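The values are calculated or read from the model by the stated rules, or taken from the named source; none is laboratory data. Bear in mind the structure is a predicted one, so any value in this text is a computation, not a measurement. Quick reminder, even Gly has a Cβ in these numbers, built from the backbone with ideal geometry, and neighbours come from all protein chains shown.
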């Protein structure tokens, strides 16, 4: 399926929003430049702005973003609280006393 077929078939369907995993393939990257829906968004497949003016929103995790993150995005940044993916984990509590050699059988 080529770019023109994908673009034409999406344009025929009445859709409100389009979620694009923009940099996962050349086709998805170039389709993101077309205004195929009134609201277009992307999310944290790659944790940085696309720079594509036709993408309205970038959905991310509040755990991934710094306080001034909006100033680094061309899209409107929407952060979801306490969400993540396999790239993020909550750090376990540090024990009060570090384990010595005896703990590990030496």
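Would you be able to tell me the number of residues in the range 65-80 that are in contact with a strand residue (DSSP E or B) (Cβ under 8 Å, 6 or more places away or on another chain) and not in a strand (DSSP E or B)? Talk me through it step by step, then tell me what you get.
Quick first cut of the range 65-80, residues in contact with a strand residue (DSSP E or B) (Cβ under 8 Å, 6 or more places away or on another chain) only: 65, 69-70, 73, 75-80.
Now restrict to residues that are not in a strand (DSSP E or B): 65, 69-70, 73, 75.
Total satisfying the criteria: 5.
Out of 71, 106, 19, I need the residue that is surrounded by fewer than 12 Cβ atoms within 10 Å (Cβ to Cβ) and modelled with pLDDT under 70. Which one?
Details: 71 fails: modelled with pLDDT under 70; 19 fails: surrounded by fewer than 12 Cβ atoms within 10 Å (Cβ to Cβ).
So the residue among 71, 106, 19 that is surrounded by fewer than 12 Cβ atoms within 10 Å (Cβ to Cβ) and modelled with pLDDT under 70 is 106.
Of all residues in the range 22-52, which are at pLDDT below 75, assigned to a loop (DSSP other than H, G, I, E, B) and out of contact with any helix residue (DSSP H, G or I) (no Cβ under 8 Å at 6 or more places or on another chain)? Full working, then the answer.
Our first condition is that a residue be at pLDDT below 75; within the range 22-52, this holds for 22-24, 44-47.
Keeping just the survivors that are assigned to a loop (DSSP other than H, G, I, E, B) gives 44-47.
Result: 44, 47.
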